[in-house]
Every structure is written in C-alpha cells, then in structure tokens.
1. If PHE57 passes every condition in (1) farther than 13 Å from ALA20 by Cα; (2) part of a helix (DSSP H, G or I) but one, which one does it miss?
2. Got at least one residue in region 3-23 being assigned to a helix (DSSP H, G or I), touching a Gly at 6+ places or on another chain (Cβ under 9 Å) and over 19 Å from ILE150 (Cβ atoms)?
3. Could you list all residues from region 193-229 that are of a type outside the set (Gly, Ala, Ser), surrounded by fewer than 16 Cβ atoms within 10 Å (Cβ to Cβ) and in a strand (DSSP E or B)?
4. Being on the phi < 0 side of the Ramachandran plot, touching a residue at least 40 places away in the same chain (Cβ under 8 Å) and within 16 Å of the ligand (Cβ to nearest atom) is true for just one of LYS131, LYS96, LYS135. Which residue is that?
5. Is one or more of the residues making up region 47-68 closer than 27 Å to GLU145 by Cα, in contact with a Lys or Arg (Cβ under 8 Å, 6 or more places away or on another chain) and within 15 Å of the ligand (Cβ to nearest atom)?
6. Quickly run through region 7-16 and pick out the residues that are open to solvent by 50 Å² or more (accessible area, probe 1.4 Å) and either on the phi > 0 side of the Ramachandran plot or in contact (Cβ under 8 Å) with a residue 40 or more places away in the chain (or both).
7. Suppose the filter is more than 15 Å from the ligand (Cβ to nearest atom) and closer than 24 Å to GLY26 by Cα; does ASP141 pass it?
8. Taking region 39-82 as the region of interest, how many residues are under 20 Å from the mean Cα position of the chain (by Cα) and open to solvent by 60 Å² or more (accessible area, probe 1.4 Å)?
Amino acid sequence: MKIGGLQRVSLIDYPGLISAVVFLQGCNFKCSYCHNPELVDPRLFQPCLRENDIFDFLDTRKGKLDAVSITGGEPTLQDKLPAFIKHIRKMGFAVKMDTNGSQPKVIRNLLAEKLLDFIAMDIKAPLEKYKDIVKATVNPDSIKESINLILKAKIPYEFRTTIVESQLGENDILQIGKLIAGADHYVLQNFVSTKTLDKKFLKEKPFSDEKLQKIKSHLEKQITSVTIR
Ligand code: SF4
C-alpha cells in the first residue's frame, strides 16, 4: 500500500462518526483544482507510511475513534486495498472510502464483499466534459457504472462535485443531477483556493451563494438531499 499520510482524527470526514483519515498516494486523474497535489504529482510524493504504523496507531484508538476514512489520491488503484480494509474492519472500525469512480470493478468487489460502510464518489463533470476536467483519459462508461453501483448499494453514500466557476456552468451541474437522479444525497462543494495541483487555479473563483442556492433548488426536484459545503 502506498500510504501518503494519516490524519489522526476528523469530526467531519465521515458523516456522524469520529474517524481517522488515511491518505493513499497516487491518482489516475489530474484535476487542476485538486487540493492534495502531494498525493497526485509523483514529484511531490513523500516517503510512505507502513501499513503496520497505521494498524499500531489504530490499536491505541480503539473506543476513541469510530471509523477510518480512506481517501487519496485514488484508493481503488491500490492492489492491497481489500486486505487493508479487512484488517481495519477486524479491528472494529467502520470504513468509508472516497473514490473518483474510475474503477467500477474494484467498487463492485468491495461492495460485494461488504467491506465498506460508506462510500463517497466525486462526480467531476457531465460525462462528455469529463476528460477536460480531470486532464486524463477516462472511460465515461466506467463513471456511469460506478454511479449505478453506488445507487444500488445498500450502504450510505454521497455523490459530490467540486464547483469551480471556470470549469462548470450551472447547466453542467444540472446535467450531473440527471446522471444521479434518484440519489439520496449530493454535495455541492464550493471551491476554496488553499492549494491546488495547477497553481494557476489558486486564483479561481467559487460560485456565489445565491447561484448555488438556485442550483440546489433545481436539483432537489430529483435528489432527496442536496447540501452545499
Ligand atoms: S481531485 Fe481527486 S481525482 Fe482529482 S486529481 Fe485530486 S485526488 Fe485525483
């Protein structure tokens, strides 16, 4: 496992639970606004933590933490992910995974083996705009397949989109809404420029609150709960 970092406690990453956050190194997308460049750009990679370091830490947090959130980078690219999750669950922690949805086979297997308690998938753009936003080759069918797997999964989930004004228009977000019509929960994450993979994006602007509220009302016609974060 390529483990790029550990956040010892988070009150916000896993909805309703106190979790540690494990950051996995490496991603097949190169979203310009990515706020974890050190997990995406190999030139910025730091030496990895060992799996046993994570397990030893978790051992000291039994009864204090409820869960582990696994994020990236893109977790589904790591071969040893299922074994890693199994070990964490055996220790008594719930597991949430964040994904970009590019590897539906991995998602299918994790769900079939009941290894996840919560899954969060980023929807980057309407399918036809995907490759422009993620700056990488992407199979739109894989994204659609992952969405469908999650919609049918019998675990809590959320879909979410980072909103950067130069990347997505109002209509794009409504198109995404159609892709996930019937979903329980969708999060509109307004862009915050702290650090970005492409430094030019530090100057990017988020949507106004007014605009987001208008989009939210439209989306609520087909999605049970829409949150602005
Ligand atoms: S935002 Fe997510 S999918 Fe995009 S490059 Fe960063 S880690 Fe990868």
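1. Condition (1) is where PHE57 drops out.
2. no
3. Of everything in region 193-229, those that are of a type outside the set (Gly, Ala, Ser), surrounded by fewer than 16 Cβ atoms within 10 Å (Cβ to Cβ) and in a strand (DSSP E or B) turn out to be THR227, ILE228.
4. Answer to the check: LYS96.
5. No, every residue in region 47-68 fails to be closer than 27 Å to GLU145 by Cα, in contact with a Lys or Arg (Cβ under 8 Å, 6 or more places away or on another chain) and within 15 Å of the ligand (Cβ to nearest atom).
6. The answer is ARG8, VAL9, PRO15, GLY16.
7. Yes: the conditions hold for ASP141.
8. Here the count works out to 6.
The values are calculated or read from the model by the stated rules, or taken from the named source; none is laboratory data. Just so it is clear, the model here is predicted, and its values are computed rather than measured. Don't worry about glycine lacking a Cβ; one is built from the backbone with ideal geometry, like all the others, and counts go over all protein chains shown. Areas reflect the complete protein model, heavy atoms only, side chains present, ligands, DNA and RNA absent. Shrake-Rupley method; radii C 1.70, N 1.55, O 1.52, S 1.80 Å.
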